[in-house]
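Values in this text are rule-based calculations from the coordinates and carry no lab data. For clarity, every value in this text was computed on a predicted model and none was experimentally measured. Here the Cβ positions follow ideal geometry from the backbone for every residue, glycine too, while neighbour counts run over all protein chains shown.
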């Protein structure tokens, strides 16, 4: 068995009622006996949450060099399974109008690496292979203009919680100092309260500066 990776095939312009374009593929081809089995995504890059297809091309060498012939009913005795981590799903395979081409529709729900497992036989030739696919990307790969960094939201929530806690501390300090008697020459209750508020304010400033620093690092 020989595995051949096709990455970044050059963009080709072909005349077809004006100009048509062939997409760039990141498919993987596995050679099993006389057959070449190519597997990949129908739309690349694959994006989480967007409908896509697992696409297959199963062919054999044609009568002339550099020409291949598609295999009809290739999945008659061949089973395809999608794999993500420890999760698997048996695929329903549909035939493309082009001979030797097949597909199975899917909506990827997680970013990361997917695999296709093929097991069975093609016209009596045993097939038992595991083929990697291009990683599924987050929607950020398609965003334009880029969205603002939503990761700062937790920092804003933390800031609100910290300030709320400091406000409660100020109220508690005021209530405790309200019942204290101070004699001549000692700090008044008001002075003690002001110093307490000043200290808590410094704490609040430290919290704010820390959160700002975290946001800048992101």
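Between residue 65 and residue 113, the FRET efficiency estimated from the beta carbon spacing at R0 = 45 angstrom works out to 0.80. With both labels modelled 7 Å from their Cα along Cα-to-Cβ, the residue 130 to residue 87 distance reads 1.8 nm.
How far, in nm, would the chain grow between residue 165 and residue 77 when pulled straight, counting 0.36 nm per residue and subtracting the alpha carbon separation?
Values: separation 88, 0.36 × 88 = 31.68 nm, distance 6.67 nm.
Separation in residues times 0.36 nm, less the Cα-Cα distance, equals 25.0 nm.
Taking other C-beta atoms within 10 Å as the exposure proxy, 50, 75, 84 rank 50, 84, 75 from fewest upward.
Can you give the FRET efficiency to the nearest 0.05 for residue 144 and residue 105, using r as the Cβ-Cβ distance and R₀ = 25 Å?
On the way: r = 26 Å, r/R0 = 1.05.
For R0 = 25 Å, the calculated efficiency reads 0.45.
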